[in-house]
Amino acid sequence: QVHLVESGGGLVQAGGSLTLSCAASGSRFSIYSLGWYRQAPGKQREMVASITNSEIRNYADSVKGRFTISRDNAKNTVYLQMNSLKPEDTAVYYCRVGAPYWGQGTQVTVSS
């Protein structure tokens with residue numbers, strides 16, 4: 001079992017920044033691929049960013065150049081640095097570890 005705890009969401013003005021964190025339990029964190037997803041009201045969940053166990057990163061086109069995903073295997077934690085936030089980024093953000101494990105979600109709200 002892998003248990004994930006997310007933090008770092010909140011309310012920010014457009015153009016501001018937030019850093020999301022997701023801390024995982026378990027001893028095999030370094031093996032897993034990791035990802036951040038978001039879901040806005042009335043919309044499907046979409047991938048925002050991912051990072052493999054070899055630190056290969058991928059981003060949705062909508063966040064390239066603004067968001068950065070990183071991992072700290074020693075701390076069993078994945079981060080999402082979010083800069084130049086837009087109102088369209090408003091959503092609940094979820095972290096993923098491997099295929100079946102999901103965090104509880106953290107709300108990000110960007111005001112105009």
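The values are calculated or read from the model by the stated rules, or taken from the named source; none is laboratory data. It should be emphasised that the depicted structure is a prediction, and the values quoted were computed from it without experimental measurement. All Cβ positions, even for glycine, are placed from backbone atoms using ideal geometry, and neighbour counts span all protein chains on display. Just so you know, the surface numbers come from the protein's heavy atoms only, side chains and all, with ligands and any DNA or RNA stripped out. Shrake-Rupley method; radii C 1.70, N 1.55, O 1.52, S 1.80 Å.
Pairing residues of segment 20-48 that are touching a residue at least 24 places away in the same chain (Cβ under 8 Å) with residues that are basic (Lys, Arg), at Cβ distances under 6 Å and at least 6 apart in sequence or on separate chains, gives Leu34/Arg71; Gly35/Arg96; Tyr37/Arg45; Gln39/Arg45; Val48/Arg38.
Results for (1) at negative phi; (2) open to solvent by 10 Å² or more (accessible area, probe 1.4 Å); (3) among the hydrophobic types (A, V, I, L, M, F, W, C); (4) under 9 Å from the mean Cα position of the chain (by Cα), shown as yes or no for each residue.
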residue	(1), (2), (3), (4)
Gly35	yes, no, no, yes
Gln39	yes, yes, no, no
Ser50	yes, yes, no, yes
Arg71	yes, yes, no, no
Asn76	no, yes, no, no
Lys86	yes, yes, no, no
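Residues of segment 1-31 that are under 10 Å from Gly103 (Cα atoms), open to solvent by less than 30 Å² (accessible area, probe 1.4 Å) and part of a strand (DSSP E or B): Leu4, Glu6, Cys22, Ala24. Across segment 54-67, the qualifying residues are those that are in contact with a strand residue (DSSP E or B) (Cβ under 8 Å, 6 or more places away or on another chain) and under 19 Å from Tyr32 (Cβ atoms), and the one among them that is modelled with the lowest pLDDT is Glu55.
Given the structure, is Gln104 open to solvent by 80 Å² or more (accessible area, probe 1.4 Å) and within 12 Å of the chain's Cα centre (by Cα)? Answer is yes for this residue. May I ask you to verify whether Arg38 is basic (Lys, Arg) and under 14 Å from Trp102 (Cβ atoms)? Judged against the criteria, Arg38 is a match. In the set (1) closer than 21 Å to Gln104 by Cα; (2) small (Gly, Ala, Ser); (3) open to solvent by 30 Å² or more (accessible area, probe 1.4 Å), the condition left unmet by Gly65 is number (1).
Every condition in (1) outside any strand (DSSP E or B); (2) open to solvent by less than 10 Å² (accessible area, probe 1.4 Å); (3) not aliphatic (A, V, I, L, M) is met by Cys95 except one, and the failing one is (1). Of everything in segment 1-23 that is at pLDDT below 95 and either in contact with a Leu (Cβ under 8 Å, 6 or more places away or on another chain) or not aliphatic (A, V, I, L, M) (or both), the residue that is nearest to Lys75 (Cα to Cα) is His3. Screening Val63 against (1) in a strand (DSSP E or B); (2) within 22 Å of Leu11 (Cα to Cα) leaves a single unmet condition, (1).
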